[in-house]
Amino acid sequence: YGPKGVGALYAREPHTIEPWLSGGHQERAKRPGTENLLGIIGFGAAAAAAQDLTRESSRQAQLRDQLWEGLASRCAPIMRNGSTTLCAANTLNVSFLGLQAESLLIALDLAGISVSAGSACSSGSLEPSPVITAITDDPARHESAIRFSLGRSTELQTIKVALERISRCVARLRT
């Protein structure tokens, strides 16, 4: 939740790091250019907020599991892609069997639900997600996979509204 383009590097032995850009004497001559003060302040705020990461991850995992349970009961046949225990707390990938992911993406977008059919770095690609192809060799699951992401602002009411809208879209596409 920090600003884009800013980060931190902790080096046990900073004298061993060579600069990869030259000019200026910022950061003990390790980088050129003026420091991004607003970015640094934002990074600090994000680092402070990350201190409750364990509690927040647990909260998001509970919401993710409630989303899955609601989808499983309302939108069958569906399959969860990936482990139920060894997974990111904020992400759920589901194959809505018998549907095309692209059609469901459009329907959900029109219903105010933002989802994706792959990772953000592969948006626009027509190829199935490498993650899904590693999980299963079933093309039906590849072409119907949708990824849901939760965040700090996701609440139980958000999940309830999403479930209602998703189930309506899935039912309409399946008829």
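Scanning region 1-35 for residues that are assigned to a helix (DSSP H, G or I) and closer than 24 Å to ALA46 by Cβ, we see that the one that is most open to solvent (accessible area, probe 1.4 Å) is ARG28. Tell me, which helices (runs of 4 or more DSSP H) lie completely within region 61-175 with 2 or more residues that are among the hydrophobic types (A, V, I, L, M, F, W, C) and crowded, with 17+ Cβ neighbours inside 10 Å? So the answer is 101-110, 130-135, 156-174. Whenever a residue of region 153-175 is under 19 Å from THR91 (Cα atoms), its partners that are β-branched (Val, Ile, Thr), lying with C-beta atoms within less than 7 angstrom and at least six residues away or across chains, give the pairs ALA162/ILE113; ARG165/ILE113; ILE166/ILE113. For region 105-112, the criterion of being under 24 Å from ARG55 (Cα atoms), without any contact (Cβ under 8 Å) to a residue 24 or more places away in the chain and more than 17 Å from the chain's Cα centre (by Cα) is satisfied by no residue at all.
The values are calculated or read from the model by the stated rules, or taken from the named source; none is laboratory data. Since this is a predicted model, take the numbers as computed values, not measurements. Counting neighbours? That spans all protein chains shown, and the Cβs are built from the backbone with ideal geometry, glycine included. SASA here: full protein model, heavy atoms, side chains in, ligands and nucleic acids out. Shrake-Rupley method; radii C 1.70, N 1.55, O 1.52, S 1.80 Å.
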